[in-house]
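Student: The following block contains the structure, expressed as structure tokens.
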Amino acid sequence: MDTYEKIIGLAKRRGFLWNSFELYGGTAGFYDYGPLGAMLKRRIEDIWREMYVIEEGFYEIETPTIGIEPIFVASGHTRGFSDPMVVCCGCDSAFRADHLIDGIVETPDALPAPEIKRLIDEHGIKCPQCGKTGTFGEVSSFNLMFRTAIGPGTERVGYLRPETAQGMFINFEHLFRFYREKLPFGVTQIGKSYRNEISPRQGVIRLREFTQAEAEIFINPRDKTHPKFSAVGDTILRLYPASQQEGGSGAGVVGGTGGADGGITEIAVRDAVNQGIIAHEFIAYHLVLTNLFLERVGIDPARLRFRQHQPDEMAHYAIDCWDAEVLTDRFGWVELVGIADRTDYDLTSHTTHSKHDLSVVLEYDTPEQVERIVVTPDMGVIGPRYKEKAGKVLAALKNLKEEDFSGDEIKVEVDCETIAIPRDLVEYKTIIEEVRGEKIVPHVIEPSFGIDRVIYAALEHSFAEEIVDCETRTVLRLPAEIAPVQVAVLPLLTRDELIEPALKIVQMCRRSGIFVSYDDGGTIGRRYRRNDEIGTPFSVTIDYDTLDDDTVTVRNRDSMAQIRVPVTKLVETIHEMLRDPTKFIIQSAQ
RNA sequence: GCGGCUGUAGUUUAGCGGUAUGACAUGAGCUUCCCAAGCUUGUAACCCGGGUUCGAAUCCCGGCAGCCGCACCA
């Protein structure tokens with residue numbers, strides 16, 4: 001049994017993750033979060049919110065999970081997200097149709113389906129599987145987006161969003177106003193996205209419905225420094241730069257090249273930026289932030305790396321792109337987060353398709369004085385004289401430079417013909433103009449988190465089996481702040497005189513916002529083990545001493561050590577220890 | 001989507017043509033003064049549909065799901 005099986009088994013048994021629709025046989029690519037899973041997920045999302053929304057100040061928005069077709073035409077998902085497929089009738093194998101005609105035309109992926117089919121037939125392409133010719137059926141396209149119809153009757157096409165990002169891009173104008181027209185600013189969204197994967201088979205690693213936490217940070221393309229970079233520049237990251245990766249496009253979503261440590265460089269981000277490994281400070285800052293988040297939710301730093309996309313792997317518009325990857329037992333390196341500089345691609349594309357200008361005026365600190373020539377031709381004369389050419393003459397005159405006005409005549413070229421215009425018909429003067437700013441399309445830095453994968457990785461990296469008194473103890477060493485159950489309250493024995501005070505302590509904890517579970521089944525040892533397995537960081541045990549001196553035992557999940565705490569100080573102590581579990585170690589040493 | 005392998009309580013497992021065995025887990029009770037102890041007792045399963053047969057968990061066919069390869073993975 002490998003670790004993956006153990007984790008999924010534990011998750012299923014204890015109510016973290018269940019395969020969806022199991023009552024009706026189940027369907028690949030969908031998972032339910034059970035009681036503990038949903039709690040874990042919410043705590044992880046809340047940490048993300050704390051770091052991105054509160055600390056970075058990137059407000060969170062919420063947009064529909066269904067999008068209308070034009071959005072995905074603009075984003076490229078209706079084209080780029082669909083693959084032409086063709087099936088060989090001889091052996092029933094399916095192939096990417098455009099790959100079959102690679103080398104015959106320059107850009108096979110840009111052709112419409114019937115054209116690809118025609119080329120396959122015309123060139124007598126053999127089936128790579130069975131070697132026969134002329135056995136291919138029609139070329140059909142498989143789009144990874146779920147398609148649906150909006151409204152009754154003549155339906156309007158809608159798609160379940162394949163990423164949350166577009167909802168933020170298309171609100172750019174509102175957001176820019178909201179942020180009082182200043183760059184940079186960021187916006188976030190946590191929500192479901194949908195991709196109709198052909199064969200999702202890696203549990204929660206590849207889902208058809210999944211949760212993304214994305215931030216879109218709109219920045220000035222001329223200035224990709226980060227105001228807080230100096231504070232994080234010394235951070236050491238484990239980088240796996242493109243230059244270190246061998247063999248073509250490197251890793252896919254799952255798997256990946258390189259051994260556990262192959263090609264990984266531990267380097268301060270400041271040096272990585274200075275050496276040109278990371279494109280600029282803004283990306284580097286977000287690598288650091290991602291690193292902080294992942295470590296905080298329990299990812300083992302030794303099994304974490306940042307892998308840079310190779311040039312041929314990166315979307316054509318992106319400048320630099322890094323994936324935070326974790327090492328898993330079964331799947332090798334798995335991508336959890338992508339951090340990309342998407343440049344102005346998204347806003348420019350939405351500008352073109354929506355016909356709304358999404359550029360912004362960036363005001364200079366001090367307005368610039370610019371010298372400019374203003375040409376004012378006497379159109380009352382020029383118009384009748386040149387008739388249909390008058391418009392072009394006007395345009396040509398406006399483009400002239402100062403030295404062109406020196407002679408008695410002004411020569412302009414219109415339709416390959418030189419026309420001389422008397423000097424006195426054209427007035428020109430030099431003015432000093434104040435330019436307050438310039439129009440730019442902001443660039444976008446996008447950290448995009450796959451929350452479900454983060455959850456799986458946190459489970460796997462915190463999973464431990466250790467031998468205690470010849471028995472295997474299974475323990476999830478989840479960070480205290482993401483553990484679903486924070487405290488277990490346990491009477492030492494199942495006796496009324498202990499149950500009663502225990503229930504009072506449960507009430508006390510709940511009123512102060514601590515999530516507790518109460519358990520009086522079986523023996524105390526069994527209950528400790530049960531709580532270890534779901535990662536409950538602390539247990540409070542009520543025994544006969546409690547009745548005498550009003551103190552209880554607090555037990556720590558990881559060390560199994562215990563301290564005694566007066567009931568009056570219990571809530572305060574627990575809050576402190578949840579915030580900083582080392583408090584327990586300090587107290588237990590006393 | 002293709003090929004191979006596999007589907008028995010929550011988990012794991014026995015049964016390989018005569019209506020399902022055990023373990024762990026779990027509920028109730030007893031016992032128990034700190035790490036999965038013990039005793040009593042309860043709940044709980046043949047993936048779905050068709051066929052062959054007097055009779056199918058078992059044999060055959062189809063579907064669904066899982067795993068492993070191939071392909072795919074903005």
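The values are calculated or read from the model by the stated rules, or taken from the named source; none is laboratory data. Remember, predicted model here, so these are calculated numbers, not experimental data. Methodologically, a virtual Cβ is constructed for each residue, glycine included, from the backbone with ideal geometry; neighbour enumeration extends over all protein chains shown. With ligands, DNA and RNA removed, areas are computed over all heavy atoms of the protein, side chains included. Shrake-Rupley method; radii C 1.70, N 1.55, O 1.52, S 1.80 Å.
Student: Which net charge results when you count Lys and Arg as +1 and Asp and Glu as -1 among the other residues whose beta-carbon is under 12 Å from that of A:Phe306? Please report the intermediate quantities before stating the final value.
Tutor: Numbers: positive: A:Arg238, A:Arg305, A:Arg307; negative: A:Glu266, A:Asp320, A:Asp323, A:Glu325, A:Glu335.
After counting each charged neighbour, the total is -2.
Student: Enumerate the amide H contacts of A:Asn196 below 5 Å, restricted to partners 5 or more residues apart or on another chain; note that Pro and chain-start residues carry no placed amide H.
Tutor: A:Met145, A:Phe146
Student: For A:Gln308, enumerate residues with amide H under 5 Å from its amide H, sequence gap 5+ or separate chain, H modeled in the peptide plane.
Tutor: For A:Gln308, whose amide H was placed from the backbone, the distant partners under 5 Å are A:Tyr240, A:Ala242, A:Asp323.
Student: Using a 1.4 Å probe, what is the accessible area per residue for chain A, in Å²? The partial results should precede the final answer.
Tutor: Numbers: 28950 Å² over 590 residues.
Counting only protein heavy atoms, the per-residue value for chain A is 49 Å².
Student: When a/c is below 1.5 the answer is rounded, else prolate if a/b is larger than b/c, else oblate, so apply that to chain A with a ≥ b ≥ c taken from the square roots of the Cα gyration tensor eigenvalues.
Tutor: Details: a/c = 2.71, a/b = 1.75, b/c = 1.55.
Prolate is the answer for chain A, as a/c is 1.5 or above and a/b outweighs b/c.
Student: Something else: Be a star and scan the range A:382-398 for residues whose amide nitrogen sits under 14 Å from the point 7 Å along the Cα-to-Cβ vector of A:Asp415.
Tutor: In the range A:382-398, the label zone of A:Asp415 (backbone N under 14 Å from the point 7 Å along Cα→Cβ) covers A:386-394.
Student: Once you put a point 7 Å from the Cα of A:Lys6 and another 7 Å from the Cα of A:Glu402, both along the Cβ direction, what distance in nm separates them?
Tutor: With each label placed 7 Å out from Cα toward Cβ, I get 8.0 nm.
Student: For A:Asp545, tell me the accessible area in Å² from a 1.4 Å probe, rounded to the nearest 10.
Tutor: Here the residue's solvent-accessible area equals roughly 80 Å².
Student: Ok, one more. Specify the angular offset, from 0 to 90 degrees and rounded to the nearest 10, of the alpha carbon long axis of helix A:35-49 from the longest principal axis of the alpha carbons in chain A.
Tutor: Tilt relative to chain A: about 50 degrees.
Student: How large is ³J(HN,Hα), in whole Hz, for each residue of the range A:285-301 in order, when computed from phi with the Karplus curve 6.51 cos²θ - 1.76 cosθ + 1.60 and θ = phi - 60°, using x for Gly and Pro?
Tutor: Using θ = phi - 60°, the values come out as 4, 6, 5, 5, 4, 4, 4, 4, 4, 5, 5, 5, 8, x, 7, 6, x Hz.
Student: By average Cβ neighbour count within 10 Å, what is the ranking of A:267-280, A:330-343, A:288-301 from highest down?
Tutor: Working: A:267-280: 17.6, A:330-343: 21.5, A:288-301: 19.4.
For the peptides A:267-280, A:330-343, A:288-301, the packing ranking is A:330-343, A:288-301, A:267-280.
Student: Another question, then. Taking all protein chains in place and a 1.4 Å probe, what share, in percent, of the accessible surface of the range A:229-335 do carbon and sulfur account for? Don't jump to the answer; show the numbers that get you there.
Tutor: Details: 2050 of 4210 Å².
Answer for the range A:229-335: carbon and sulfur cover 49 percent of the accessible area.
Student: Further question on the same structure: Would you mind getting me the FRET efficiency between A:Thr472 and A:Glu572? Use the beta-carbon distance for r and R0 = 51 Å, nearest 0.05. Let's see the in-between values first.
Tutor: Numbers: r = 35 Å, r/R0 = 0.69.
Rounded to the nearest 0.05, the efficiency is 0.90.
Student: Using only alpha carbon pairs under 8 Å that are at least six residues apart, calculate the relative contact order of chain A and give it in whole percent. Before the final figure, lay out the partial values.
Tutor: Working: 1018 pairs, mean separation 70.0, N = 590.
Once normalised by length, the contact order is 12 percent.
Student: OK, next. Sort A:173-184, A:547-558 by the packing proxy (mean of other Cβ within 10 Å over each peptide's residues), most packed first. Don't jump to the answer; show the numbers that get you there.
Tutor: Working: A:173-184: 13.3, A:547-558: 17.2.
Sorting A:173-184, A:547-558 by mean packing, highest first, produces A:547-558, A:173-184.
Student: A 30 angstrom limit on the alpha carbon distance is what I want to check against. Which of A:Lys6/A:Lys504; A:Lys6/A:Lys41; A:Lys12/A:Lys192; A:Lys401/A:Lys439; A:Lys355/A:Lys392 exceed it? Spell out each step's value before the answer.
Tutor: Values: A:Lys6/A:Lys504 36 Å; A:Lys6/A:Lys41 19 Å; A:Lys12/A:Lys192 22 Å; A:Lys401/A:Lys439 24 Å; A:Lys355/A:Lys392 27 Å.
Beyond 30 Å between Cα atoms: A:Lys6/A:Lys504.
Student: Further question: As I understand it, the value is the acute angle between the Cα axis of helix A:496-511 and the longest principal axis of the Cα atoms of chain A; what does it come to in degrees, rounded to 10?
Tutor: Helix A:496-511 sits roughly 20 degrees off the main axis of chain A.
Student: When the accessible area of the range A:1-82 is split by element with a 1.4 Å probe, what percent falls to carbon and sulfur?
Tutor: Working: 2410 of 4310 Å².
In the range A:1-82, the share of accessible area belonging to carbon and sulfur is 56 percent.
Student: Within 10 Å, count the other beta carbons around each residue, average over each peptide in A:380-387, A:22-29, A:458-465, and list them highest first. List each step's numbers first, then the result.
Tutor: Values: A:380-387: 13.0, A:22-29: 11.4, A:458-465: 20.0.
With the highest mean Cβ count within 10 Å placed first, the list reads A:458-465, A:380-387, A:22-29.
Student: Provide the FRET efficiency to the nearest 0.05 for the A:Ser588-A:Leu503 pair, computing r from the beta carbons and using R0 = 22 Å.
Tutor: For A:Ser588 and A:Leu503, the calculated efficiency is 0.25.
Student: For an R0 of 25 angstrom, estimate the FRET efficiency from the Cβ-Cβ distance between A:Arg42 and A:Ala302 and round to the nearest 0.05.
Tutor: FRET efficiency, A:Arg42 to A:Ala302: 0.35.
Student: Residues with amide H under 5 Å of A:Gly332's amide H, sequence separation 5 or more or different chain, H placed in the peptide plane at 1.01 Å from N; which?
Tutor: Under 5 Å from the amide H of A:Gly332: no residue qualifies.
Student: Can you tell me the orientation of helix A:113-122 relative to chain A, as the angle in degrees between its alpha-carbon axis and the longest Cα principal axis, to the nearest 10?
Tutor: Orientation of helix A:113-122: about 80 degrees from the principal axis.
Student: Another question, then. At 222 nm, what value in deg cm²/dmol follows for chain A if DSSP H runs of at least 4 each add -39500 (n - 2.57) and the sum is divided by all its residues, to the nearest 500?
Tutor: Numbers: 20 runs with 181 residues, N = 590.
After summing the helix terms and dividing by the residues of chain A, the value is -8500 deg cm²/dmol.
Student: Here's something else I'd like to know. Percent of accessible area on the range A:460-579 owned by carbon and sulfur, 1.4 Å probe?
Tutor: Working: 2660 of 5400 Å².
Accessible surface attributable to carbon and sulfur in the range A:460-579 totals 49 percent.
Student: Which aspartates and glutamates, if any, have their Cα less than 20 Å from the Cα of A:Lys429, not counting same-chain residues under 8 positions apart?
Tutor: Correct list for A:Lys429: A:Glu368, A:Glu371, A:Asp378, A:Glu402, A:Glu403, A:Asp404, A:Asp408, A:Glu409.
Student: Please work out how much length the chain gains when fully extended from A:Glu181 to A:Gln562, using 0.36 nm per residue of separation minus the C-alpha to C-alpha distance, in nm with one decimal.
Tutor: Details: separation 381, 0.36 × 381 = 137.16 nm, distance 5.56 nm.
Contour length minus Cα-Cα distance gives 131.6 nm.
Student: Could you order A:Glu197, A:Glu497 by accessible surface area, starting with the largest, using a probe radius of 1.4 Å?
Tutor: Numbers: A:Glu197 35, A:Glu497 80 Å².
Ranking A:Glu197, A:Glu497 by accessible area, largest first, yields A:Glu497, A:Glu197.
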